[in-house]
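Read-outs: derived from the displayed coordinates by stated rules, not from any lab. All of these numbers come straight from a predicted model, not from anything done at the bench. Here the Cβ is made from the backbone with ideal geometry for all residues, glycine too, and neighbour counts use every protein chain on show.
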Amino acid sequence: MKMVGALLATFREAAGHTQRSLGEHFVVSEQQIASIEQGRRPLKPDLADQLDDLLDTKGALTAALAHMPEVDLIPLWAEEYLDREREAIAISWYEGFAVPGLLQTETYARAVFHSRVPVYDEDESEQLVIARIERQEILHRRLPPTTSFVIWEAALRDQLGGTAVQVEQLRKLREYADVPAVTLQILPLGRTSHAGLDGPFILLETPEHQRLAYMETQRGSQLIADPEGVGILTQKYAMLRTQALNTEDTRAMLDRLLGEQ
């Protein structure tokens with residue numbers, strides 16, 4: 001993505017455009033153009049075609065996009081979600097199998113990607129780890145989104161990557177539990193009801209106050225805009241929050257888990 005972004009910056013400057021003027025031409029934000037040029041946001045094929053026409057690049061951006069190394073390609077089914085996540089003003093995330101990506105340590109993220117079947121090669125794995133950690137920037141902005149996480153206790157007791165990785169991850173979660181814009185709740189084992197048995201999901205609210213939902217599967221994902229579908233998952237999330245520990249008891253459980261190590 002960085003290579004394509006650098007090409008876009010070169011062609012834009014040669015054509016006499018600023019990031020703002022280019023964004024205005026395509027009705028996108030200056031920040032979006034900057035993110036593409038810096039390699040933090042993928043250039044989508046339809047926009048690449050339009051940019052080639054405007055900047056008279058003889059199809060260079062489209063060709064570069066088509067021939068990027070596979071490790072640089074974000075799956076098409078994930079692109080729109082990542083765009084929405086960057087711009088969201090509110091994120092609600094239920095996770096039962098692993099720590100949510102926005103809260104992972106680097107070593108934990110590496111253990112996640114090393115667990116993939118079929119395996120990633122080392123270069124692929126490291127680039128994916130870097131991309132995941134860079135996503136966490138949104139939690140550290142001057143005005144971060146309002147975020148809520150419900151995590152099943154099983155994911156925290158699993159020693160993915162080994163005991164040292166688990167302890168480091170628990171410490172990071174304990175730090176996030178005190179961050180004002182972050183609400184962290186643990187759903188403990190032993191509950192007699194569980195609203196999240198169908199699997200993890202994420203709820204997003206856009207700057208235009210559109211509500212979306214996102215779910216991943218073994219072979220892809222689904223971004224849901226249908227109000228009925230989003231409404232059902234919103235109800236599930238509300239139930240999960242009542243079944244989970246409150247924030248004070250969550251901090252106490254994290255302290256206990258750390259004390260057991």
GluC sites (Glu not before Pro), loop per DSSP, at most 10 other Cβ atoms within 10 Å - longest free stretch of the chain: 1-207
Just for the chain, what percent of DSSP beta bridges are antiparallel, to the closest 5? 55
How long are the three semi-axes of the equivalent ellipsoid for the range 75-131, computed from the Cα gyration tensor as the root of 5 times each eigenvalue, in whole Å, largest first? 22, 15, 11
Under the Debye formula (equal points on every Cα, no solvent term), log10 I(q)/I(0) of the range 180-260 at q = 0.13, 0.15, 0.22 Å⁻¹: -0.53, -0.68, -1.11
Taking the convex hull of Cα positions in the range 1-151, its mean projected area over all directions (nm²): 9.8
What list of ³J(HN,Hα) couplings, whole Hz, do you get for the range 160-174 from phi and the Karplus terms 6.51, -1.76, 1.60, once you set θ to phi - 60° and write x for glycine and proline? 4, x, x, 4, 4, 5, 4, 5, 4, 5, 4, 5, 5, 4, 5
Kirkwood estimate for the chain, i.e. one over the average of 1/r between Cα atoms, Å: 20.1
Largest to smallest principal axis extent of the C-alpha atoms in the range 2-68, angstrom: 28, 24, 19
Excluding residues on the same chain fewer than 8 positions from K236, give the lysines whose Cα lies under 27 Å from its Cα. K172
Highest GNM mean-square fluctuation among D158, D56, D83, for the chain with Cα springs under 10 Å, belongs to D56
So what are the ³J(HN,Hα) numbers for the range 3-8, from phi and the Karplus equation (6.51, -1.76, 1.60; θ = phi - 60°), rounded to whole Hz, Gly and Pro as x? 5, 5, x, 5, 4, 4
Out of T183, T105, T18, any idea which swings most in a Gaussian network model of the chain, alpha carbons joined below 10 Å? T18
If you build the convex hull over the alpha carbons only and average its shadow over all orientations, what do you get for the range 86-202? Give it in nm² to one decimal. 8.0
Scan around A15 for amide H atoms under 5 Å from its own, H built in the peptide plane at 1.01 Å from N, and keep only partners 5 or more places away or cross-chain. none
Stretch in the chain that is longest and holds no trypsin sites (Lys or Arg not before Pro) that DSSP places in a loop and that have at most 11 other beta carbons within 10 Å: 143-218
Fluctuation leader among V28, V165, V129 - the chain, Gaussian network, Cα springs under 10 angstrom: V28
Hey, what do the phi angles of the range 112-128 turn into as Karplus ³J(HN,Hα) couplings, whole Hz, using 6.51/-1.76/1.60 and θ = phi - 60°, x for Gly and Pro? 4, 6, 5, 7, 5, 10, x, 6, 7, 6, 4, 5, 4, 4, 5, 5, 5
